[in-house]
1. If neighbour count is taken as other Cβ atoms inside 10 Å, put 129, 289, 123 in order from fewest to most.
2. Starting from the Cα of residue 97, step 7 Å toward the Cβ, then list every residue of the stretch 276-296 with an amide N under 16 Å from that point.
3. Taking the Cβ of each residue in 61, 92 as the centre, tally the other Cβ atoms inside 10 Å and list the residues starting with the fewest.
4. Could you name the aspartates and glutamates in cross-link range of residue 191, using Cα to Cα under 12 Å and dropping any fewer than eight places away on the same chain?
5. Starting from the exponent 0.38 and prefactor 2.2 Å, build the expected Rg for the stretch 156-214 from its residue count and divide its actual Cα Rg by it.
6. Set the bar at 24 Å for Cα to Cα. Now go through 147/281; 131/224; 115/174; 207/281; 147/224; 131/207 and name every pair that lies beyond it.
7. How high is the FRET efficiency from residue 168 to residue 191, r the C-beta distance, R0 51 Å, rounded to 0.05?
8. How much length would be gained if the chain were fully extended between residue 117 and residue 282, taking 0.36 nm per residue of separation minus their Cα-Cα distance, in nm to one decimal?
Amino acid sequence: MKSQQSSRFVWAVLMLVLTIVACTATGRPASAPTANSSPPTSVGPSPAAQGVSPADLPSVRLDQASDINSSSMATAKGVSGGDVFVQGLYERPFNANTMDTYFPYIDIIDTQGFKDDNWGYATITMAGTDKDGHLSAEYAVELDLNKDGRGDWLVRASHPSSTTWTTQGVQAWKDSNGDIGGAIPMVADNKPSGGDGYETLVFDEGKGNLPDGAWARISPDDPKTVQIAFKLSMLGDPTSFAMGAWAGANIDPSMFDHNDHMTHVQAGDPNQGYPQVYPIKALAEIDNTCRLAIGFVPTGTVPGLCAAPQIQHNASQCPPGQSYTCYTGAALICGCH
């Protein structure tokens, strides 16, 4: 009898101990983290991964160029100028073959370039919007970093709609193998040479080594203007570059340079004065500009640059305290400063 009472006593003590342990393991609130505790891991993007958007454009414009406005020639199904296929200049904001539809949101009339310590910027102004008030095409800048006529980067914004900076629809492509331009940069080769154009997609809507590498927006002040910004560190921090603007229904990175992928006859021409190649055919619904000089004084040795008329002065006649220098804005100005 005594043995049974002892056994019951042992089991009661054991059950009491187990109950205390269970309550301690499951019922006690977790202690607050100490100064040496690791913070919880976040499953969302970190602030660094979201990137930093550009600021407003710099107040000082580095270069500017106007482009042909083809709206006045729309009913005539032609252009007044601006299209020189063999030199890689296109003025084709029309549909193929009939040229009976004009697209004002593909017709560039002005482009401007800016740069600060971290960003390069471009503005591309169109003749108009689509019927809904949108810029429903693709818009791009082509960058020639070493100013040899061969494009190195293409930054493209597809169907921009926001008036705040966004990476949506924005891509940056690079020509890694240097085949753009064929035998002679910007000039049509005797025979189409092909090539794969901008074959390397470096930035894709926030994805890439730099999640904030390129951005776009509709100008808050003008619904007909696209603004594109690109981080200079993505390009290797160039201090200067040549920059051309593009607009089109489909700006295909693999088709650069366009005049090396097709003949003039295949591409057609918007000038009615050339009946052997008029109207536009394979190369339609596209417009581009000459290239701006960003961060350098333009000279005649850089292929594709916009014309820069010079105002010359006699250096020996500069007043005391002034020197004969050149600077560039919308044009190359040389004189006493």
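Where a number appears in this text, it was derived from the coordinates with a stated rule and is not lab data. As the structure is a prediction and not an experimental result, all values here were calculated from the model. In this analysis, Cβ positions are derived from the backbone assuming ideal geometry, glycine residues included, and neighbour counts consider all displayed protein chains.
1. With the fewest neighbours first, 129, 289, 123 line up as 129, 123, 289.
2. Under cut-off, by backbone N: 278-285.
3. Ordered by Cβ neighbours within 10 Å, fewest first: 61, 92.
4. Residue 191 reaches 260.
5. Relative to the 2.2 N^0.38 Å estimate, the stretch 156-214 comes out at 1.45.
6. Exceeds cut-off: 147/281; 207/281; 147/224; 131/207.
7. 0.80
8. My answer for the length gained is 55.3 nm.
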